[in-house]
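The values are calculated or read from the model by the stated rules, or taken from the named source; none is laboratory data. It should be emphasised that the depicted structure is a prediction, and the values quoted were computed from it without experimental measurement. Here Cβ is always computed from backbone atoms with ideal geometry, including for glycine, and neighbour counts include all displayed protein chains.
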């Protein structure tokens, strides 16, 4: 029993980084502790690291952890040099142990210590995905939004490697991705540069996750479908599902996505959630519901003008695609007025609407829509030079359908005269044009 007690005491003395029975900052043998601290530090300052190492080892064996925080910092540097030369994993383990000992004695420096430890884990234990994943996870749990970006990325990569080796479930990898994103969202950037860095890290995480194919539509449905059915009012779960499905390919056309976004919109309605619902209903062939939600997104208070212009132009195209020309025309006109880069495109769209509209009536009434079409195509060219070639092509086609001057004369019309066209629920004032 006495022998066992002695072994335990000896082990504790080693782990504590010094003499268990030390008294004061430098321990019971303070003179020796100070001597070897001075010896190694002098060599260290001179960058004579080979000479510093044995003296550091002696100081570390004699001095208590309270003697100097630099003893752990410098020791890490010295042992890292040894590891880089030898690749000895025992040395790597000693470096990680130094971080734990320093943290135990100097907890005020927890953030930097744990972030540094995470970097050492990646550098020294990178071939052991399980070790990396388990230990970086622990660091992320401890630091949350203060976790270094590289740790977030490397933890996700380790999780993906374990998944590919059939040592981790898809659910766990999805959890690793969600945790990394949560850490980014919980961080508090101090300046614009840090905000930009966070955005880059988030993009990197999304790219890595998407490329892994872990979050396939099938996996998301299999993992989260039963959960959502069991807890259909869980907004947090719905948000997670939407974020994951946004990274997966061809994952819009399913009931789970639709239900999740619907719940998010119900809990906290916004222009963006209304727009998501438009996209989902559109993908599912629910035309009326899609239009309703896109109109809601357009009318939402506080929606940015650029977003409003995009939504309005998109609604015009959607209505035209579904045979609602009058509604498409009205929204295209609104989009042109909003501008934000959509004026030329909207005018071009209006030109195609009038150019494809078949009106009844006499010879002039049937051909008059082409005058309106050309009016708007000319406006499109003026507003957006990238449309010049396409607009000129359509103008050439439509002008071939102008009525002959003789036919116009029979209806008491001459070129240049004002003329109002009303057809298919649309109306526009244009100018008479004829061909000779």
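Out of 346, 330, I need the residue that is under 22 Å from residue 298 (Cβ atoms), at pLDDT 95 or above, surrounded by fewer than 21 Cβ atoms within 10 Å (Cβ to Cβ) and out of contact with any strand residue (DSSP E or B) (no Cβ under 7 Å at 6 or more places or on another chain). Which one?
330
Consider residue 130 carefully, then state whether it is more than 30 Å from residue 145 (Cα to Cα) and surrounded by fewer than 19 Cβ atoms within 10 Å (Cβ to Cβ).
Judged against the criteria, residue 130 is not a match.
If you go through the range 391-400, how many residues are over 13 Å from residue 354 (Cα atoms) and either in contact with a strand residue (DSSP E or B) (Cβ under 7 Å, 6 or more places away or on another chain) or crowded, with 16+ Cβ neighbours inside 10 Å (or both)?
1
Return a yes/no flag: does the range 79-94 have any residue that is in contact with a helix residue (DSSP H, G or I) (Cβ under 9 Å, 6 or more places away or on another chain), assigned to a helix (DSSP H, G or I), more than 17 Å from residue 57 (Cβ to Cβ) and touching a residue at least 24 places away in the same chain (Cβ under 8 Å).
Yes, the range 79-94 contains a residue that is in contact with a helix residue (DSSP H, G or I) (Cβ under 9 Å, 6 or more places away or on another chain), assigned to a helix (DSSP H, G or I), more than 17 Å from residue 57 (Cβ to Cβ) and touching a residue at least 24 places away in the same chain (Cβ under 8 Å).
Tell me, which residue of the range 318-327 that is surrounded by fewer than 17 Cβ atoms within 10 Å (Cβ to Cβ) and assigned to a helix (DSSP H, G or I) is nearest to the chain's Cα centre (by Cα)?
Filtering the range 318-327 for residues that are surrounded by fewer than 17 Cβ atoms within 10 Å (Cβ to Cβ) and assigned to a helix (DSSP H, G or I), the one nearest to the chain's Cα centre (by Cα) comes out as 321.
Using the structure shown, decide if residue 428 is surrounded by 21 or more Cβ atoms within 10 Å (Cβ to Cβ), in contact with a helix residue (DSSP H, G or I) (Cβ under 6 Å, 6 or more places away or on another chain), touching a residue at least 12 places away in the same chain (Cβ under 8 Å) and closer than 30 Å to residue 305 by Cβ.
no
Pairs only if they're at least six apart or on different chains, beta carbon under 9 angstrom, first in the range 140-157 and free of Cβ contacts under 8 Å to residues at least 60 places away in the same chain and at positive phi, second in a helix (DSSP H, G or I) and crowded, with 20+ Cβ neighbours inside 10 Å; list them, first residue then second.
Going by the 9 Å Cβ cut-off, the qualifying pairs are 144/183.
Can you say whether residue 300 is in contact (Cβ under 8 Å) with a residue 40 or more places away in the chain and farther than 18 Å from residue 255 by Cβ, as far as the supplied structure shows?
no
Does the range 302-317 include one or more residues that are surrounded by 16 or more Cβ atoms within 10 Å (Cβ to Cβ), in a loop (DSSP other than H, G, I, E, B) and more than 28 Å from the chain's Cα centre (by Cα)?
Taking every residue of the range 302-317 in turn, none turns out to be surrounded by 16 or more Cβ atoms within 10 Å (Cβ to Cβ), in a loop (DSSP other than H, G, I, E, B) and more than 28 Å from the chain's Cα centre (by Cα).
From the set of residues in the range 364-380 that are surrounded by fewer than 21 Cβ atoms within 10 Å (Cβ to Cβ) and touching a helix residue (DSSP H, G or I) at 6+ places or on another chain (Cβ under 7 Å), which is farthest from residue 335 (Cα to Cα)?
364
Taking only the range 211-236 into account, find how many residues are within 20 Å of the chain's Cα centre (by Cα), surrounded by fewer than 17 Cβ atoms within 10 Å (Cβ to Cβ) and part of a helix (DSSP H, G or I).
3
Taking only pairs six or more apart or across chains, which ones have beta-carbon atoms under 8 Å, a first residue in the range 231-260 that is at positive phi and touching a residue at least 12 places away in the same chain (Cβ under 8 Å), and a second residue that is part of a helix (DSSP H, G or I) and surrounded by 15 or more Cβ atoms within 10 Å (Cβ to Cβ)?
Once the first residue is at positive phi and touching a residue at least 12 places away in the same chain (Cβ under 8 Å) and sits in the range 231-260, its partners that are part of a helix (DSSP H, G or I) and surrounded by 15 or more Cβ atoms within 10 Å (Cβ to Cβ) give 250/217.
Filter the range 1-37 down to residues that are modelled with pLDDT of 50 or more, outside any loop (DSSP other than H, G, I, E, B) and farther than 26 Å from residue 85 by Cα, then give me how many there are.
Number satisfying all stated conditions: 6.
List pairs: first in the range 24-53 and touching a residue at least 12 places away in the same chain (Cβ under 8 Å), second surrounded by fewer than 18 Cβ atoms within 10 Å (Cβ to Cβ) and part of a helix (DSSP H, G or I), Cβ under 6 Å, 6+ apart or cross-chain?
From the range 24-53, the pairs are 36/58; 43/51; 49/81.
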